[in-house]
Amino acid sequence: MQKKSSVFKNTIWMLLEKGSRLIIGVLVSSLMARNLGPDGFGQLNYYISLLTIASVLSSLGLNRIIVREVAEHLEDKLCCNSTVVTAFYLRLTASLFLWLMASVFSLLFLPESIHFVVIIFFSLFFISFDVFDFYAQGTSDFKVISLCRLTTFLITSLLKIAIVLLDGGLIAFVWLVMIEYFLVAIFFYVFFIRRHHISIAPAQAKIQQGAELAMESWPEIIAGFGAILFMRLDQIFLQWLSGDASVGIYSAATRITEAWYFLPSAIIATTFPKLVSLRNLSYERYFEGIRALMSFLIILSVAVALFFSLTADWIVALLFGSTYAESANVIVLHTWGGIFLCMGIASGSWLVAERKLKLNLQRNLFGLAVSAVANWMLIPLYGVTGSACATVAGLAAAFYFFDLLHPQLRPMFWLKSRAFLPIHLYQFVRDRK
């Protein structure tokens with residue numbers, strides 16, 4: 001009963017944070033989009049897309065590994081602390097390398113964008129503090145982390161509104177991207193790291209442990225890069241083939257759909273550490289839990305996709321105006337693609353628990369290839385709608401059809417297919433009573 005209560009409370013805290021982002025974030029984004037126009041809004045989101053890709057590279061594929069290691073060694077606080085601090089310094093090192101590379105590249109080839117790149121990529125140093133978020137996920141201690149993120153989000157939302165009212169322009173919003181990550185890092189340090197008495201002195205990092213983590217995570221680095229690249233590849237291709245305005249129209253839609261994507265991530269973050277601990281007791285119950293989780297997420301995704309299919313035109317007109325009318329098509333397509341994304345998030349955590357990271361790498365690269373080819377073919381014909389179709393094709397290829405093609409993942413394909421039937425979720429809930 002206590003474990004169920006813990007999962008419920010953690011889910012509520014994360015849903016509070018993600019729900020606030022969904023509602024307030026979309027409203028603030030609509031003000032920004034109207035203020036900057038499709039060109040300025042597109043340029044801002046293009047830089048944010050590059051930062052997102054860089055942040056995945058700087059994570060070094062350690063995120064889910066940290067959750068697993070902490071969940072498996074809850075009784076050994078020294079081991080947990082050593083793992084998270086070692087990962088922290090690995091990420092800082094990678095962030096320094098990426099920041100220097102981006103700055104030099106911009107200076108040599110895009111000098112007109114150097115100030116944007118230097119500012120926004122400096123955020124990588126503060127994003128490194130996310131390792132403590134994954135430490136919290138492993139210990140199922142979400143309250144403080146969620147409050148830190150929520151507080152920061154509310155502060156920066158007010159600042160964004162102020163910039164709109166003062167007509168601060170693109171550069172002010174670029175600065176605010178870095179400030180948001182800076183505030184999260186400060187709050188993590190003050191309210192989480194000090195509270196758990198975690199020393200982040202360099203001496204706490206273990207070189208041998210860092211090498212072991214890097215040896216295991218390298219497939220996850222490439223897999224994560226492939227995953228985020230084919231999630232962001234659409235905006236990069238649009239920038240190359242159609243320009244800033246198309247990216248702006250597309251980004252208006254993704255502000256809504258990505259806010260929704262946070263919800264399944266939050267649900268899996270709160271439930272999967274419990275499933276990992278269940279795996280040590282009964283593999284059958286563990287697999288039943290994964291099947292029930294998959295079924296719940298798929299049913300939820302279908303409901304959300306139906307809702308946006310009926311309301312997308314009205315939502316876009318209300319929030320962004322007629323200039324962004326084509327964003328409605330993107331919202332509808334992306335929410336249906338969210339079904340495959342939920343499959344990917346849930347099965348990705350399963351692959352980490354089973355230490356089958358190379359399969360995660362292979363499926364992400366497969367999805368990336370499908371998305372790249374589809375973007376190249378469809379954007380010249382259908383613009384932002386074609387790019388949205390390409391994203392859905394990449395998600396379906398990586399997180400559903402690849403399982404059918406690979407012998408080791410074929411049982412997961414049938415599990416995902418049967419997950420559309422709510423009977424598995426009902427049976428799991430009934431058996432737990």
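Each residue in region 191-224 was checked for being of a type in the set (A, V, I, L, M) and under 30 Å from residue 115 (Cα atoms), and 2 of them qualify. Note on region 272-315: residues that are at pLDDT below 85 and farther than 26 Å from residue 134 by Cβ total 1.
Answer yes or no as to whether residue 230 is of a type in the set (Phe, Trp, Tyr), in contact with a helix residue (DSSP H, G or I) (Cβ under 9 Å, 6 or more places away or on another chain) and at pLDDT 75 or above. So residue 230 fails the test.
With respect to being touching a Lys or Arg at 6+ places or on another chain (Cβ under 9 Å), assigned to a helix (DSSP H, G or I) and of a type outside the set (Ser, Thr, Tyr), residue 367 falls outside the description.
Here is a yes/no grid of residues against (1) surrounded by fewer than 20 Cβ atoms within 10 Å (Cβ to Cβ); (2) among the polar types (S, T, N, Q):
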| position | (1), (2) |
| --- | --- |
| 264 | no, no |
| 284 | yes, no |
| 293 | no, no |
| 296 | no, no |
| 301 | no, yes |
| 307 | yes, no |
| 310 | yes, no |
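Counting only residues that are under 14 Å from residue 367 (Cβ atoms) and under 13 Å from the mean Cα position of the chain (by Cα), which one in region 331-348 is surrounded by the most Cβ atoms within 10 Å (Cβ to Cβ)? The extreme case among them is 341. The condition of being in contact (Cβ under 8 Å) with a residue 60 or more places away in the chain and crowded, with 18+ Cβ neighbours inside 10 Å holds for residue 275. When residue 112 is tested against the conditions (1) in a helix (DSSP H, G or I); (2) of a type in the set (Asp, Glu); (3) more than 21 Å from residue 44 (Cβ to Cβ), the lone failure is (3). Number of residues in region 226-262 that are surrounded by 22 or more Cβ atoms within 10 Å (Cβ to Cβ) and of a type in the set (A, V, I, L, M, F, W, C): the value is 13.
Does region 396-408 hold any residues that are in a helix (DSSP H, G or I) and either in contact (Cβ under 8 Å) with a residue 60 or more places away in the chain or surrounded by fewer than 18 Cβ atoms within 10 Å (Cβ to Cβ) (or both), and which are they? Break it down into steps so the answer makes sense when it comes.
Restricting attention to region 396-408, the residues satisfying the condition of being in a helix (DSSP H, G or I) are 396-405, 407-408.
Selection gives 398, 400, 401, 404, 405, 407, 408.
Note on region 278-296: residues that are of a type in the set (A, V, I, L, M, F, W, C), without any contact (Cβ under 8 Å) to a residue 60 or more places away in the chain and closer than 15 Å to residue 349 by Cα amount to 3.
When region 11-47 is examined, which residues are found to be among the hydroxyl-bearing types (Ser, Thr, Tyr), at pLDDT 70 or above and either within 18 Å of residue 326 (Cα to Cα) or out of contact with any Phe, Trp or Tyr (no Cβ under 6 Å at 6 or more places or on another chain) (or both)? Result: 20, 29, 30, 46. Residues that are without any contact (Cβ under 8 Å) to a residue 12 or more places away in the chain and within 18 Å of residue 22 (Cα to Cα) within region 308-324 comprise 311, 314, 317, 318, listed in sequence order.
The values are calculated or read from the model by the stated rules, or taken from the named source; none is laboratory data. Predicted model only: the values in this text are computed from it and were never measured. Positions of Cβ are backbone-derived with ideal geometry, glycine not excepted, and every protein chain shown enters the neighbour counts.
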